[in-house]
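Step one of this worksheet: look at the structure below.
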Amino acid sequence: MADRVTVIGWDGSPLTAAARAALGAATLVAGAAHHLALPEVPPAAERIRLGSVALAARRIAAHRGTAVVLADGDPGFFGVVRTLRAPEFGLEVEVVPAVSSVAAAFARAGMPWDDAQVVVAHPRTLRRAVNVCRAHPKVAVLTSPGAGPAELGLLLEGVHRTFVICEELGTEREQVSVVTSDKAADHTWRDPNVVIVIGGPAGAGEPGDWIAGRDPAAGPRGWSLPAEAYGGDLGEAETGLLRTCQLARLGPRPGDLVWDIGCGSGAFATEAARLGAAVIAVDHDPDACARTESTARRFGVQLQVVRGTAPHVLENLPEPDVVRVGGGGAAVVSAVADRRAQRIVTHAATRDAAELVGRDLSEHGYHVECTLLQSLELDTRAWTEKERSVAFLLSGVLPERSP
């Protein structure tokens, strides 16, 4: 095992005395090509071109001597330190940090970033990163080949965002460009780059000054808020108990894309967005679409409203993770199941209708649960019955996918 492993962050600035001392004593140096070209790298040291960090870690673990790993930015922030410290390698590391590429990107843009979400986009995580960009007004994306500005822009089709693209930060080839998301695919971007994605109103969701990222205290406390919070007069598909159970069954979270089909007042769509998910709200009624947009603005959340009739309007929407079907019946549920959403919830007014939907979900390979929900609201001034509702709640979960 290496006698000593030092990880040095590099942001283009002159190396610190501690970094120079570690490099001067190194018998093995790992890093990208521009790191290995630094004059401080000892000529006699073994050099490893850093591609797979895991492969480099194995070689470092087998090395007898002093090893240094050079990495862009802060190597402890979505960087190589996590892999090097993995138990299978048994490495103890010392870290000499530098300014993270995210901090540098926001500095170049002249923007604060304590209110930003930060995500990493690889080809396997690109869709989830895009969903965070849909759901939040300020996101920094650490990109990778095949999951860069062009791919982000293509997957954000229909959602307007501004991209601040910072290429090769800290090098002589550094460049900062500002483009709209729909134009990002028209260019070829150099790696490595960081993309700051900005758009949508901050509104009531604007963060405070005590916690990084989205302020959980923004907006009213609780979820499945009463009808009055959404302007009153909600449809039978939006009652508080039904909405509560639907949210619990779906469990929308950051990185998810939620479809809310038959969005009505926008109550469910807004609450899913408040939980951090990206939401596409669908309704054929222009008044429902306008009301949903108004509700989202009032609560300061980001969501996309699509007017159209399901199931036809669903064909061109991006792939969902979880879906609430508030209207449209068995035909819409079947079309959603064809898209292999991880979880689906809907409701039915009668047992026969519930059985029809449940059978269809089962035939699509979903594990189905059905519960009869009955609620009775009392007027507590006189303790008399105020409102009663009855519905069958159906949920389907694909067993072959993790929840």
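A few points about this structure:
- Neighbour-limited loop hits for GluC sites (Glu not before Pro), the range 294-403 (at most 13 other Cβ within 10 Å; DSSP other than H, G, I, E, B): E400
- At most 16 other Cβ within 10 Å, DSSP loop - GluC sites (Glu not before Pro), the range 21-130: E88, E92
- Of all stretches in the chain that contain no chymotrypsin sites (Phe, Trp or Tyr not before Pro) in a DSSP loop with at most 13 other Cβ atoms within 10 Å, the longest one is 1-209.
- Once the 1.4 Å probe is applied to the protein heavy atoms, the range 1-140 comes out at 47 Å² accessible per residue.
- Across V95, V141, V305, mean-square fluctuation computed from a Gaussian network of the chain (C-alpha pairs under 10 Å connected) peaks at V95.
- The range 27-86 shape via C-alpha gyration tensor axes, a/c threshold 1.5: oblate
- Loop-exposed trypsin sites (Lys or Arg not before Pro) per DSSP, neighbour cap 10 Cβ within 10 angstrom, longest uninterrupted part of the chain: 222-380
- Counting DSSP beta bridges with both ends in the chain, the antiparallel % (nearest 5): 50 percent
- Positive dipole terminus of the range 233-357, leading residue within V357, V313, G240 (C-beta point charges): G240
- Per-q log10 I(q)/I(0), the chain, q = 0.09 Å⁻¹ (Debye; single scatterer per alpha-carbon; no solvent): -0.66
- The convex hull defined by the C-alpha atoms of the range 161-292 has an orientation-averaged projected area of 10.8 nm².
- With every protein chain in place, the chain: carbon and sulfur % of accessible area (1.4 Å): 53 percent
The values are calculated or read from the model by the stated rules, or taken from the named source; none is laboratory data. Keep in mind it's a predicted model, so treat the numbers as computed, not measured. In this analysis, Cβ positions are derived from the backbone assuming ideal geometry, glycine residues included, and neighbour counts consider all displayed protein chains. Ligands, DNA and RNA are excluded from the accessible area calculation, which covers all protein heavy atoms including side chains. Shrake-Rupley method; radii C 1.70, N 1.55, O 1.52, S 1.80 Å.
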